[in-house]
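The values are calculated or read from the model by the stated rules, or taken from the named source; none is laboratory data. Worth saying up front: this structure is predicted, and the values here are computed from it rather than measured. Cβ placement follows ideal geometry from the backbone for every residue including glycine, while neighbour counts extend to all protein chains displayed.
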Amino acid sequence: MPAYLGDRRNNTTGGLTLAPAVITADVATNPSISVDLGAGEGLVTMTVMTGAVHAETTAVITPVESTSGSNGTWTTLGVAADTVTLDTTDATTVRRSFNRTKRYVGALVDLSGSTLSAGIAILVEQQTKHTA
């Protein structure tokens, strides 16, 4: 890992693709927020953070990308989706890295279970482009 990643504030680009919230329905077609990674290079890191929920819920999180952030066509990144099973006593963090080919990155969330309710936030980060 390059030494300048120790200073994440000045050397990474990214943002939240799902702001911290309790969601009760799928985010199935377009991400809640698209993250512009045009200033980034290298691997993308997606961190999924979950909190307590009403009842047991399973969330399948799929990373997606698009050439347009607002109303573009979202395609999967060719990486397996993360499946997280939540209950009222667990807090979970799942982190994964992958490559992208398009400028905007987001996440789709498919919920299943008896009562759909998931406390979740999804952060996307990438190293800022550097010149030698």
Any chance segment 101-115 includes a residue that's more than 19 Å from Gly40 (Cβ to Cβ) and in a loop (DSSP other than H, G, I, E, B)?
-> yes
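One line per residue, one yes/no per condition, for (1) touching a Leu at 6+ places or on another chain (Cβ under 8 Å); (2) surrounded by fewer than 14 Cβ atoms within 10 Å (Cβ to Cβ); (3) among the hydroxyl-bearing types (Ser, Thr, Tyr):
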| residue | (1), (2), (3) |
| --- | --- |
| Ala59 | yes, no, no |
| Pro63 | yes, no, no |
| Ser68 | no, yes, yes |
| Thr73 | no, yes, yes |
| Arg95 | no, yes, no |
Can you tell me which residues in segment 81-132 are over 25 Å from Thr57 (Cβ atoms), basic (Lys, Arg) and modelled with pLDDT of 90 or more?
-> Arg100, Lys102, Arg103
When you go through Ala91, Ala121, Ala81, Ala107 one by one, which is the residue that is of a type in the set (A, V, I, L, M, F, W, C) and either touching a helix residue (DSSP H, G or I) at 6+ places or on another chain (Cβ under 9 Å) or surrounded by fewer than 12 Cβ atoms within 10 Å (Cβ to Cβ) (or both)?
-> Ala91
Within segment 37-78, tally of residues that are over 17 Å from Gly14 (Cβ atoms), hydrophobic (A, V, I, L, M, F, W, C) and more than 13 Å from the chain's Cα centre (by Cα) | 4
Selection over segment 28-41 where residues are modelled with pLDDT under 90 and under 20 Å from Gly78 (Cβ atoms) yields a count of 5
